[in-house]
Amino acid sequence: APAALLPALLFGVAALAGARREAGTWAHLIGLDLTERISRRSQYERWAGSYAWSVVRAAVLAVLALTGLNALLVAGRLAVEWTAVVTVAEAIGGGPLGGLLLALLQIGWLPTFTAWSIAWTAGPGFSVGADSLYSVFGATPATAPALPALGALPGTWSPWQLLLLAVPIGAGAVAGVWLLREGENHLDDWLHTRHGSRAVSLTLSTLALAVLTGLLTGLLLLVPLALTSGTLGLGALTDIGSHVWAVCAAVAGWVA
């Protein structure tokens, strides 16, 4: 069966690529002329489409900035607590093969640690066990599994950690600067044509952009946060990760 399907698959992909090249666009390939359709739309409809696309790109940029900043934060925390991490690894032992497998396991957990860091800097925090909570607003440490990287978990809370709220706020600022420079704020144009006051249109359109970008950023984080939360089904570890909806709501607010 594979011997029969593979040539057919290769032929199909090649034929599709050739047809796409000849048609010029995917829309033309299915007989759809997007340029002609767009030209039939009103100016307001075209503005709405460009505006919505700008908000979507800004929200994606906010998520990327938030992820990148928190990944740097995780890397920095691991570097600062490297002695504790190595101590746990040495206590486990396992030899060269076991050490290699343990290292690969922890590398696979890095996206999870980054998602937990997002929850931490947003405020609602995350848990590694039902009796624990780690947040910039406070910490309730508990016994964690013997995974060396978990030696970098925040042990105690300090007031300076509140400064890390700048991480999600900074991600929102990045999105805001991009919107100002590259986005199409057609809502401002529409409000200005309706009310004639630039101060009113600028204020209302800026508030709308902030709210929409924040909400969409929070929604984009739903799946990653849900995938890095749940349970290991063992004792206190029935609750690990973040409270997804609370973190998404907090991120939406800070980004906005």
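Laboratory data are not the source of any read-out in this text; all were calculated from the coordinates shown. Since this is a predicted model, take the numbers as computed values, not measurements. Don't worry about glycine lacking a Cβ; one is built from the backbone with ideal geometry, like all the others, and counts go over all protein chains shown.
A compact table of results
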{"quantity": "By average C-beta atoms within 10 angstrom, highest first, the peptides 119-127, 244-252, 152-160, 65-73", "calculated": "119-127, 244-252, 65-73, 152-160"}
{"quantity": "Amide H partners (placed H, <5 Å) of Gly123, local residues excluded", "calculated": "Val136"}
{"quantity": "Förster radius 22 Å - calculated FRET efficiency between Val80 and Ile169 (Cβ-Cβ, nearest 0.05)", "calculated": "0.45"}
{"quantity": "For Ala139, residues with placed amide H under 5 Å, excluding near neighbours", "calculated": "Trp157"}
